[in-house]
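Just below is one structure, and these are the notes that go with it.
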Amino acid sequence: MEHCKEYRTNLALRPDGDTAELSQHAATCPECAKAAKRAAAFDTVVQSAVMPMVPDDLTARLLALVPGLAQPMVRSKRWLRQRRAFFAISALLSVIGVAVLIYGLYILGSYVGVSEIWHTQ
Amino acid sequence: MAEPTPELIQRAQRGDPESLGALIVGQQQYIYSIAMSVLRQPEDAADLTQEACMKLLRVIGQYNGESRFTTWLYRLVVNLGRDELRRRGRRVPEMPPMSDDDGEVIDPLQSLADDDRWADPAAVATNTELQGEIRQALDSLEDHYRLALTLYYFEDLRYNDIAEILDVPLNTVKSYIRRGKERLATILASSESEKIQPPRTVAKSDVPVSQPRLARFAWALGRR
């Protein structure tokens, strides 16, 4: 019974107060084992409540305070999709442009006559 | 691990932007938690976190290693929070002297013994209802208990560090933690027992003729 009192008193200040003898006591005393589980559950929930999530934009706000630090670019998924679409359309237009250019040169060559051009030089 | 390495602190003290950034990112969660504990509003806490980081950038050169860096920094944050409360004309949390021998606290969580939800440490982690209740209970907890418990749940702060941050004796810190848990458990137990009580039914004869619609909801408004 004396161990029960000491064990439960120490549960609230776990890091300081747990001794090997007291741990052994919990293994043989169901009531104290129950109290230990309750204390662990309580600590888990309270810890998450006292350490709330930092707001999304706070990190950027804080890093902006540091002189000389390059700001990390925060891009949205929409921006990334638009960028991919832009590059895809640019590539397609480039291919079409090159094809039109080659075709134009070919038409010009057949109209003027490529050999004639060479002979005039 | 909240405590930054001595190398990181030294580089930050020399003004290295990357190290200052790493220091701030590593500490923002802890600074914000202290700010929330003192001011209790997310926007105010974010503003205080920003103010604390601005001050950190100004005075980091004054840190001389006498205490741990986190102890020094969190003390700075607590003091800024108190200054902010004073500026707003709000009551600054008192730190009443208290000894661990004041009264006898055997099991601070005794009042939760009949509540089965606390029986399984793994299950509570996903119990959002319980987490909401805890947040509400923390709001109604006395300021000194809330602040001491916040620091207690930071991973590697020792009782000596908490005593230094709050500027109170070591025994007072231990007492705050025990009694803070006891108070929190009592608040939770009382809110749970209020919840399971059925709403008071209003007898027809209780309903005043002049306010028939309001009286229908009298039990919800807590009116008699």
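The values are calculated or read from the model by the stated rules, or taken from the named source; none is laboratory data. Just so you know, these numbers come straight off a predicted model, no measurement behind them. Quick reminder, even Gly has a Cβ in these numbers, built from the backbone with ideal geometry, and neighbours come from all protein chains shown. The protein model used for the area step is the full one, side chains on, heavy atoms only, and it has no ligands, DNA or RNA in it. Shrake-Rupley method; radii C 1.70, N 1.55, O 1.52, S 1.80 Å.
Determine which single condition B:Gly26 fails, assuming it passes every other condition in (1) under 17 Å from A:Leu63 (Cα atoms); (2) open to solvent by less than 10 Å² (accessible area, probe 1.4 Å).
Looking at each condition in turn, B:Gly26 falls short on (2).
Considering each of B:Thr172, B:Thr150 in turn, give the residue that is among the polar types (S, T, N, Q), in a helix (DSSP H, G or I), in contact with a Ser or Thr (Cβ under 6 Å, 6 or more places away or on another chain) and not assigned by TED's automatic domain parsing to the domain that holds B:Pro42.
Details: B:Thr172 fails: in contact with a Ser or Thr (Cβ under 6 Å, 6 or more places away or on another chain).
Result: B:Thr150 is the single residue among B:Thr172, B:Thr150 that is among the polar types (S, T, N, Q), in a helix (DSSP H, G or I), in contact with a Ser or Thr (Cβ under 6 Å, 6 or more places away or on another chain) and not assigned by TED's automatic domain parsing to the domain that holds B:Pro42.
Just name the residue that is nearest to A:Thr59 (Cα to Cα) out of those in the stretch B:32-45 that are more than 8 Å from the chain's Cα centre (by Cα) and within 9 Å of another protein chain (Cβ to nearest Cβ).
B:Tyr32
If I go through the stretch B:80-94 residue by residue, how many of them are free of Cβ contacts under 8 Å to residues at least 24 places away in the same chain and assigned to a helix (DSSP H, G or I)?
3
It is to be established whether one or more residues within the stretch B:157-167 are open to solvent by 10 Å² or more (accessible area, probe 1.4 Å), in a helix (DSSP H, G or I), among the hydroxyl-bearing types (Ser, Thr, Tyr) and modelled with pLDDT under 80.
Within the stretch B:157-167, none of the residues are open to solvent by 10 Å² or more (accessible area, probe 1.4 Å), in a helix (DSSP H, G or I), among the hydroxyl-bearing types (Ser, Thr, Tyr) and modelled with pLDDT under 80.
Can you run down the residue pairs with Cβ atoms below 7 Å, 6 or more apart or on separate chains, where the first is in the stretch A:1-15 and closer than 25 Å to B:Tyr153 by Cβ and assigned by TED's automatic domain parsing to the domain that holds A:Ala26 and the partner is of a type in the set (D, E, K, R) and at pLDDT below 80?
From the stretch A:1-15, the pairs are A:Arg8/B:Asp107; A:Asn10/A:Asp18; A:Leu11/B:Asp107.
Just for the stretch B:79-113: of the residues that are modelled with pLDDT of 85 or more and touching a Leu at 6+ places or on another chain (Cβ under 7 Å), which one is surrounded by the most Cβ atoms within 10 Å (Cβ to Cβ)?
Within the stretch B:79-113, the match that is surrounded by the most Cβ atoms within 10 Å (Cβ to Cβ) is B:Gly81.
Does A:Lys77 satisfy the condition of being closer than 30 Å to B:Ala125 by Cβ, at pLDDT below 85 and basic (Lys, Arg)?
Criteria met by A:Lys77.
Suppose we keep only residues that are surrounded by 15 or more Cβ atoms within 10 Å (Cβ to Cβ) and more than 7 Å from chain A (Cβ to nearest Cβ) within the stretch B:114-141. Which one would you say is modelled with the lowest pLDDT?
Within the stretch B:114-141, the match that is modelled with the lowest pLDDT is B:Asp115.
State all residues of the stretch B:1-23 that are more than 21 Å from the chain's Cα centre (by Cα) and aliphatic (A, V, I, L, M); if no residue qualifies, say none. Reasoning before the result, please.
To start, the set of residues in the stretch B:1-23 that are more than 21 Å from the chain's Cα centre (by Cα) comprises B:4-23.
Across the stretch B:1-23, the qualifying residues are B:Leu8, B:Ile9, B:Ala12, B:Leu20, B:Ala22, B:Leu23.
Answer yes if at least one residue in the stretch B:53-64 is at the interface with chain A (Cβ under 10 Å from one of its Cβ atoms), buried (at least 17 other Cβ atoms within 10 Å of the Cβ) and within 21 Å of the chain's Cα centre (by Cα), and no otherwise.
yes
Could you tell me how many of the residues in the stretch B:29-43 are basic (Lys, Arg) and open to solvent by less than 10 Å² (accessible area, probe 1.4 Å)?
Residues in the stretch B:29-43 being basic (Lys, Arg) and open to solvent by less than 10 Å² (accessible area, probe 1.4 Å): 0 in total.
Residue-by-condition table, conditions (1) modelled with pLDDT of 80 or more; (2) within 9 Å of chain B (Cβ to nearest Cβ); (3) in a loop (DSSP other than H, G, I, E, B):
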{"position": "A:His3", "(1), (2), (3)": "no, no, no"}
{"position": "A:Thr9", "(1), (2), (3)": "no, yes, no"}
{"position": "A:Ala27", "(1), (2), (3)": "yes, no, no"}
{"position": "A:Ala35", "(1), (2), (3)": "yes, yes, no"}
{"position": "A:Ala41", "(1), (2), (3)": "yes, yes, no"}
{"position": "A:Thr44", "(1), (2), (3)": "yes, yes, no"}
{"position": "A:Ala49", "(1), (2), (3)": "yes, yes, no"}
{"position": "A:Pro52", "(1), (2), (3)": "yes, yes, yes"}
